[in-house]
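Below is one structure, written out as structure tokens; the observations come after it.
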């Protein structure tokens, strides 16, 4: 994989993912056995990629995902505030498709021009960017100082989709409707004034904008 990139990785499968449970507050649920295997497989996915740092959110599942990669690279996991999942508020800990759809009704509005919307008791799109983007800018400085290596950030699906849309050329409707599977990556290249999205989960550019009535992809 090309050097000098921000590699945003969704954590491996967690116990909450399996239960379809909204789990946005750290420390949260740990990885399943499958999630641990996904974390080990991430080492192979990124083998040969020069990496300057491995960052992770304060969620247990993110740190467990980052640990095998950091160990293979001889690095420590740099745990950062701000990288956690979008806070779902009153829906925290609730499970099932109706709950996920209820959250999506608020979350989906961020991508259609209303980032001020928040689920009851939860974060707005503005709130998420206010605490996440300082880390992204810190990564940009790291890449500017060492452009021959990349930075891996292990974070969370809904947060990654929203942040990538907000800082890069990825179409909002594409991110809104495209699920990022466990341990899939969004690859961002720094350019003047922002970032270019070179990969989003299983997809490469050009990113085809879906139909207007396409549903919001689930957050788990």
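What follows draws every value from the coordinates through simple rules; no lab data is involved. Everything numeric in this text was worked out from a predicted model, so none of it was measured. So basically every Cβ, Gly included, is an ideal-geometry build from the backbone, and we count neighbours across all protein chains shown.
Would you calculate the separation in nanometres between label points at residue 90 and residue 148, each defined as 7 Å from the Cα along the Cα-to-beta-carbon direction?
5.6 nm
Calculate for the chain the 222 nm mean residue ellipticity that helices alone would give, adding -39,500 (n - 2.57) per DSSP H run of length 4 or more and normalising by residue count, nearest 500 deg cm²/dmol. Could you put the intermediate results ahead of the total?
Working: 7 runs with 83 residues, N = 220.
-11500 deg cm²/dmol, from helical runs alone.
How long is the chain along each principal axis, judged by its Cα atoms, biggest number first, in Å?
Per principal axis, max minus min of the Cα coordinates gives 43, 38, 27 Å.
From the alpha carbon gyration tensor of the range 59-111, can you work out the equivalent ellipsoid semi-axes (sqrt of 5 times each eigenvalue) and give them in Å, largest to smallest?
Values: eigenvalues 191, 30, 19 Å².
Taking √(5λ) for each Cα gyration eigenvalue gives 31, 12, 10 Å.
At 20 °C and 1.002 mPa s, grab the translational diffusion coefficient of the range 160-220 from Stokes-Einstein with a Kirkwood Rh over Cα pairs, rounded to a whole number in µm² per second.
Values: Rh = 11.8 Å.
Value of D from the Cα-based Kirkwood radius: 182 µm²/s.
Would you please classify the overall shape of the range 114-218 from the alpha carbon gyration tensor, given that a ≥ b ≥ c denote the square roots of the eigenvalues, rounded means a/c under 1.5, and beyond that prolate means a/b larger than b/c while oblate covers the rest? Walk me through the intermediate numbers first.
Numbers: a/c = 1.86, a/b = 1.28, b/c = 1.45.
Because a/c hits 1.5 or more and a/b fails to exceed b/c, the range 114-218 counts as oblate.
Using only the Cα atoms of the range 39-168, build the gyration tensor, take square roots of its eigenvalues as a ≥ b ≥ c, and label the shape rounded, prolate or oblate: rounded if a/c is under 1.5, else prolate if a/b is larger than b/c, else oblate.
On the way: a/c = 2.50, a/b = 1.67, b/c = 1.49.
Prolate, since a/c reaches 1.5 and a/b exceeds b/c.
Counting DSSP beta bridges with both partners in the range 6-197, what percentage is antiparallel, nearest 5?
Restricted to the range 6-197, the bridges split so that about 40 percent are antiparallel.
Hey, in the GNM for the chain with a 10 angstrom Cα cutoff, which one of 110, 97, 195 fluctuates hardest?
Among 110, 97, 195, the largest mean-square fluctuation in the Gaussian network model of the chain belongs to 97.
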